[in-house]
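The values are calculated or read from the model by the stated rules, or taken from the named source; none is laboratory data. Remember, predicted model here, so these are calculated numbers, not experimental data. Here the Cβ positions follow ideal geometry from the backbone for every residue, glycine too, while neighbour counts run over all protein chains shown. Protein only, heavy atoms only, side chains kept; ligands, DNA and RNA dropped before computing areas. Shrake-Rupley method; radii C 1.70, N 1.55, O 1.52, S 1.80 Å.
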2 protein chains.
Amino acid sequence: MTVPPRRALTDEERVDWLRLSRTAQVGPITFYALLARYGSAKAAIQALPELAARAGRAKPAPVPPAGEIRREIERAERIGARYLAAHEPDYPEALAAIEDAPPVIVVGRNIGLFERPAVAIVGARNASLNGKKMAARLAAELGEAGFVVVSGLARGIDTEAHKAALAHGTMAVVAGGIDIVYPPENRDLQARIFDQHCIVAEAPLGTEPMARHFPRRNRIISGLTPGVVVVEAAKNSGSLITARMALEQGREVFAVPGSPLDPRAQGANGLIRDGATLTETADDVLRVLTSRPISRRRTAQEPLLLPEPAGEPEVEEARKVILEALSPVPVAVDELVRDCQVSLPVVLTILLELELAGRLERQAGQRVSLVP
Amino acid sequence: MTVPPRRALTDEERVDWLRLSRTAQVGPITFYALLARYGSAKAAIQALPELAARAGRAKPAPVPPAGEIRREIERAERIGARYLAAHEPDYPEALAAIEDAPPVIVVGRNIGLFERPAVAIVGARNASLNGKKMAARLAAELGEAGFVVVSGLARGIDTEAHKAALAHGTMAVVAGGIDIVYPPENRDLQARIFDQHCIVAEAPLGTEPMARHFPRRNRIISGLTPGVVVVEAAKNSGSLITARMALEQGREVFAVPGSPLDPRAQGANGLIRDGATLTETADDVLRVLTSRPISRRRTAQEPLLLPEPAGEPEVEEARKVILEALSPVPVAVDELVRDCQVSLPVVLTILLELELAGRLERQAGQRVSLVP
């Protein structure tokens, strides 16, 4: 039950990782579970039809063909981007530590930035002048202190943070393909970051960013850093999702306070109320980040990643019990194990099959629910 | 070692309380210690010359003559104000619970407000429009919830808080005499609060407010309430003194956050950083205040208030030891007791004498220092 050793993959292995990770119903957690159970992405791909069938799905989700993946990799290499798998040495260590780390990321170009300490600055698209000023000031000061500033290349706060960090190093995590310009007004900034700094994407080349991509993108912003600074954020904004993900990942959250009369301050104020570090200057951030290391992947989640294979007759018997215990209301995996009197490896095996059959959804906090 | 029972004083007793409490070198803590040791203000006044002489002062500070005090009381009664001593039933209970409660306050006119729950709202004189709006909104909402709004009648936040609370009940604590208009532009407001609500003063009638009066006044604002809301406060501002006093008194502190770019927000943000409740609406205040009662006078301080008289020979012996242990650097009374191997009542007696001789200063946290 240890984290796998880091090693460079062969080109063929990397193609298999991409094929498996881009199969519908194979989220990152399922990806790592399959990898642990079958030893390689290739073996997992071969096992998919049988796994899905056992959970009652006749026709499993299609796995992208190897040729298609190879052509994408060639196109990426032509523009100077490369693919990094989560077990490879060049993959950013902080990101590898989150339970749902992207199995493969596309990056360009200066991956040397991954070696430096990083901090994220995120906030409202419709930021106030004051908010933009704060973002720029914090980014410049944190850059001067040696930190790479990570953000999402969105309008408003993100843009200001990137710009102010250009002198020291900045990293943009995009929701679409690494080759897609978005938002259009940041064309030059995006090109400059790609050429001289670093852009990170999880989506295949050519993917147009869509609303549903952004929350998944946000987990990468927080995953790349030991701490996220929220400058202006309305209630229910994307920046709050990033902050929530940071907390789930065991990272620090910083928030810049603002007047309760400005709706753009309510999200950040709420974070402070919930325990985020009230942040007025870069020193407030540095004081915390220079004193607390990132914890490696939380051991509580490792069993989910590396289940022991269970004997088939035992699984057969337990399948009905587990299915009856599940419902559209999320339930903790631990609870299933306890209530159903079934061993953890067996429960995990059955959940894996159900997920691959499109009948199960994974939720935050190791909880699962049946797809209605 | 119990808190004295509350009872109305005779007119003569009240005159003695005022005479003793207005003697130089007799701060509130010394006042209560003298009262406990000699049983009455009258007896304490008679003992003052001897006490001061023992600590090496030939001529003790003069005690105001009874005739002067009686004339002041008559003038106060003509304008509708009255005097309340800390042991009297009408004296506000929350204020009586602080260790340095004013022995006597001058109040006018509606002392019925003391019976209602109260909350303080304080902040910057040079408040922003947003700050004033917040103060007014909070005052109106807290008033509607049944709370009397206490403040200091200063320009800016205080003024807005009082005005917005006029519909429900408000109390102003002034630094000078109750009959002195200050600041001049609040003449009408002050008159209206005096006539229909309540003004509280500790200073003698006719006292012009001076800078040194304000910190002492601030302890009354926080002392009257279970919680203080700070709306805008620069670093080192008077509102922060009120907040600090509230904490020392075991009261709640609430602070409205603001942009770090506005210097008027830095004090309030600092309070939040130090643990004050981040406050955006009156609900944030009500949630806390309706769930936590004010604690009565902290028992840790009661021994200081009611020392047992110690035998004179024992005191004589200990006097030199204690004097040598003291210095201009504040030291805790507990530490003196431990290090000098002298009993607490003896230490307290010697400290009392030194204070009356003008040779000792009392500091926060039951610490004392020698006057250089």
Given the residues A:ARG296, A:ARG287, which is the only one that is at pLDDT below 75, open to solvent by 40 Å² or more (accessible area, probe 1.4 Å) and either away from every other protein chain (no Cβ under 14 Å) or in contact with a strand residue (DSSP E or B) (Cβ under 9 Å, 6 or more places away or on another chain) (or both)?
-> A:ARG296
Checklist (1) hydrophobic (A, V, I, L, M, F, W, C); (2) buried (at least 23 other Cβ atoms within 10 Å of the Cβ); (3) out of contact with any His (no Cβ under 8 Å at 6 or more places or on another chain) applied to A:ALA175, failing item = (3)
Residue pairs within 6 Å by beta carbon, gap of at least six or interchain, first lying in the stretch A:197-213 and over 19 Å from A:GLU72 (Cα atoms) and open to solvent by 20 Å² or more (accessible area, probe 1.4 Å), second part of a loop (DSSP other than H, G, I, E, B) and among the hydrophobic types (A, V, I, L, M, F, W, C), listed first then second, are A:HIS213/A:ALA175
For the stretch A:170-187, does any single residue satisfy the condition of being in contact (Cβ under 8 Å) with a residue 60 or more places away in the chain, touching a Ser or Thr at 6+ places or on another chain (Cβ under 8 Å) and over 19 Å from A:TYR83 (Cβ atoms)?
-> no
Only one of (1) surrounded by fewer than 24 Cβ atoms within 10 Å (Cβ to Cβ); (2) under 18 Å from A:ARG109 (Cβ atoms) does not apply to A:VAL148, and that is (1)
Given the structure, is B:ALA246 away from chain A (no Cβ under 14 Å), of a type in the set (A, V, I, L, M, F, W, C), outside any helix (DSSP H, G or I) and within 22 Å of B:GLU99 (Cβ to Cβ)?
-> no
Scan the stretch A:190-213 and give yes if some residue there is over 16 Å from the mean Cα position of the chain (by Cα), of a type in the set (Asp, Glu) and within 14 Å of chain B (Cβ to nearest Cβ), otherwise no.
-> no
Within the stretch B:220-238, work out how many residues are open to solvent by less than 10 Å² (accessible area, probe 1.4 Å) and either more than 14 Å from every other protein chain (Cβ to nearest Cβ) or part of a loop (DSSP other than H, G, I, E, B) (or both).
-> 9
Considering only residues of the stretch B:195-219 that are part of a loop (DSSP other than H, G, I, E, B) and charged (D, E, K, R), which is nearest to B:ARG109 (Cα to Cα)?
-> B:GLU202
Residues of the stretch A:178-196 being among the β-branched types (Val, Ile, Thr) and either over 24 Å from A:ARG71 (Cβ atoms) or open to solvent by less than 40 Å² (accessible area, probe 1.4 Å) (or both), in sequence order, are A:ILE178, A:ILE180, A:ILE193
Only one of (1) within 28 Å of A:VAL119 (Cα to Cα); (2) out of contact with any Gly (no Cβ under 8 Å at 6 or more places or on another chain); (3) open to solvent by 10 Å² or more (accessible area, probe 1.4 Å); (4) modelled with pLDDT of 95 or more does not apply to A:ILE79, and that is (2)
